[in-house]
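The values are calculated or read from the model by the stated rules, or taken from the named source; none is laboratory data. Just so we're clear, the structure is a prediction, and the values are computed from it rather than from any experiment. Every residue, glycine as well, gets a Cβ built from its backbone with ideal geometry; the counts of neighbours run over all protein chains shown. The accessibility values were calculated without ligands, DNA or RNA, using every heavy atom of the protein model including side chains. Shrake-Rupley method; radii C 1.70, N 1.55, O 1.52, S 1.80 Å.
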Amino acid sequence: MTDAELNARLRANLLGYRLLQARTGPLRLLELPGVWAFALPGYEHSLFHHQVLYEEARALARALASLEAWYREQGVRSWRVLVQPGDVAAEALLARAGHRLEDEFPGMGLPLAHTPPHLPLGTTLEHPERLDEVLALNALFYGGAGVVHIEPWRTRPPPEIHAVLIREAGRALAGGLCFEQGDTAGIYLVATHPDAHRRGLGALVMRGLHADAHARGCTVAVLQATDMGHGLYQQLGYRDLGAWRNWVRRID
């Protein structure tokens, strides 16, 4: 599978994941032809929640004025447009419209195989029905605002969401989520407790998510890599798909 094909799957999975959040939680949605904007009122300073996804630059160009008006109505003063690797037309359009490039991250993809993790003695791999502990692990890194948009999933996650948790002596030490759409598994919210870093538990979570997704019929996994996780994902066989860039619009 080519990088372009995997990037298309990553964009589709990101969009599906966000749409699921908007259907089941507090995230708000503006849907325009070929463009989807998300916002979380009350968290106007949390740029993570205010994101625009689009199909092509022409659709984005038609939507820019409506996007700015809508975000103003939501009380949001800054938002980001996620630009796929190599979309120079969209980047030029956004620069002219007052957006600025603020950061980027590699998209990554991996063909899946059924290779269950080998667990160290004393640890267990669980498939929790509730997400309390997975969200708590993420809140240690990103704060409560980082997971508030999926707070309704805490006790009853949607059927498209599958979780893995690594436990030792009763403590939840690492966990993560998989959002499955078609035969693509999107990996999200992988986190390890600060007391358990450098023990390979993040890799165990990833392998557990991979094996489960493959068993359910998924053929590839895709994700957005942070600086902290990039090396781990490379070790697991993920390949870089190019830089996805956040172009941010800030208004006074």
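Couple of notes before you dig in:
- Between ALA136, ALA90, ALA65, the Gaussian network model of the chain with springs among Cα atoms under 10 angstrom shows the greatest mean-square fluctuation at ALA65.
- Region 166-252: C-alpha gyration tensor shape, a/c 1.5 cut-off, then a/b vs b/c: oblate
- For THR24, THR192, the ranking by accessible surface with the largest value first comes to THR24, THR192, using a 1.4 Å probe.
- Among the trypsin sites (Lys or Arg not before Pro) in region 110-214, those placed in a DSSP loop whose Cβ has at most 10 other Cβ atoms within 10 Å are ARG198.
- From the coordinates of this entry, Rg and Dmax of the Cα atoms in Å is computed, and it appears in (1) 18.2, 57; (2) 17.1, 53; (3) 19.9, 68 under the label (1).
- Among the trypsin sites (Lys or Arg not before Pro) in region 216-252, those located in a DSSP loop and surrounded by at most 16 other Cβ atoms within 10 Å of their own Cβ are ARG216.
- Solvent-accessible surface (1.4 Å probe) assigned to MET228 amounts to roughly 150 Å².
- When the square roots of the Cα gyration tensor eigenvalues are ordered a ≥ b ≥ c, the ratio a/c for region 76-155 is 1.5 or more and a/b does not exceed b/c, which makes its shape oblate.
- Distance between region 97-160 and region 176-252 - C-alpha centres, whole angstrom: 8 Å
- In the chain, helical runs assigned H by DSSP with n ≥ 4 each contribute -39500 (n - 2.57); averaged across all residues and rounded to the nearest 500, the mean residue ellipticity at 222 nm is -10500 deg cm²/dmol.
- Per residue, the accessible area of region 21-106 comes to 48 Å² when a 1.4 Å probe rolls over the protein heavy atoms.
- The shape of region 107-252 comes out rounded: with a ≥ b ≥ c from the C-alpha gyration tensor, a/c is under 1.5.
- Counting only DSSP beta bridges with both residues in the chain, the antiparallel share comes to about 90 percent.
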